[in-house]
Amino acid sequence: MGAKVLLAARMDPIVTPGGVSSHMHNVVGGNRFSSTYDYDDLRKSTCTSNLVNIDHSNYWAPGLHYVNKTGGTTTFSYIPSYFTVYYLDRNGSKKEKVHAWPGPLKMLAGSPNRRSYNASNVADKAVSFVCLDYNHGSPQTTEFPKNNCPNGLRAQIVFPSCWDGQNYD
């Protein structure tokens, strides 16, 4: 299993700092997560839900709910989730030195407003899904699966692997 969710709430300190997010997020990472982003405060985290216990960064993604339609009533059931966070070592053929991200850097991937897929849009390529089926194969798709996923659903979010060296937002 991956990192357990630290918090599930309508919070997004980057998009809606101090406010209410348009949707719920599952959050993993350092225990100083809050509705506002303060790099120095986040560094004061004393523990983490990340699998790598020295990683006190926070990561969040939209939470999923199952829509229950019975009779004339519609309810929503929260779907528990786990995160697996890892960094790929892509330092090139010259074996350049890899540097940590600068402190106050904030990174977004994907768009909550996406309703169609455009292969030429970098934001659309950031999010993909795998409907896990260990008996019949599990292809990656750019659309949310419309069928039952017998062994679970994996949502994949790919963040940029480089920084422009100037902007922190």
Going by the alpha-carbon gyration tensor, a ≥ b ≥ c the square roots of its eigenvalues, is the stretch 1-51 rounded (a/c under 1.5) or, if a/c is not under 1.5, prolate (a/b greater than b/c) versus oblate?
-> oblate
Choose one answer from 48, 141, 73: the residue with the largest mean-square fluctuation in a GNM of the chain with alpha-carbon springs under 10 Å.
-> 73
Once phi is turned into ³J(HN,Hα) by the Karplus curve 6.51 cos²θ - 1.76 cosθ + 1.60 with θ = phi - 60°, what whole-Hz value does each residue of the stretch 128-139 show in order, with x for glycine and proline?
-> 9, 9, 10, 7, 6, 9, 5, 8, 10, x, 9, x
Full extension from residue 97 to residue 135: what is 0.36 nm times the residue separation minus their Cα-Cα distance, to one decimal in nm?
-> 9.5 nm
With a Förster radius of 30 Å, plug the Cβ-Cβ distance of residue 122 and residue 46 into 1/(1 + (r/R0)^6) and report the FRET value to the nearest 0.05.
-> 0.25
Residues with amide H under 5 Å of residue 3's amide H, sequence separation 5 or more or different chain, H placed in the peptide plane at 1.01 Å from N; which?
-> 51, 83, 84, 85
For the charge dipole of the chain, defined by +1 on Lys and Arg C-beta atoms and -1 on Asp and Glu C-beta atoms about the Cα centroid, which residue among 168, 39, 28 has the Cα displaced farthest towards the positive pole?
-> 28
For Rg and Dmax of the Cα atoms in Å, the choices are (i) 17.7, 63; (ii) 17.2, 56; (iii) 15.2, 45; which was calculated from the structure?
-> (i)
Lysine pairs, Cα distance under 30 Å, 8 or more residues apart or cross-chain: how many in the chain?
-> 16
Taking only the alpha-carbon atoms of the stretch 93-169, what semi-axes of the equivalent ellipsoid follow from 5 times the gyration tensor eigenvalues under a square root, in whole Å, largest first?
-> 31, 17, 11
Positive-end residue, the stretch 1-127 charge dipole about Cα centroid, Cβ charges, pick of 121, 70, 52 = 121
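Every number in this text was worked out from the coordinates using simple rules, so none of it is lab data. Predicted model, so just to flag it, every value in this text is computed and none were measured. Cβ atoms come from the backbone with ideal geometry, glycine included; neighbour counts cover every protein chain shown.
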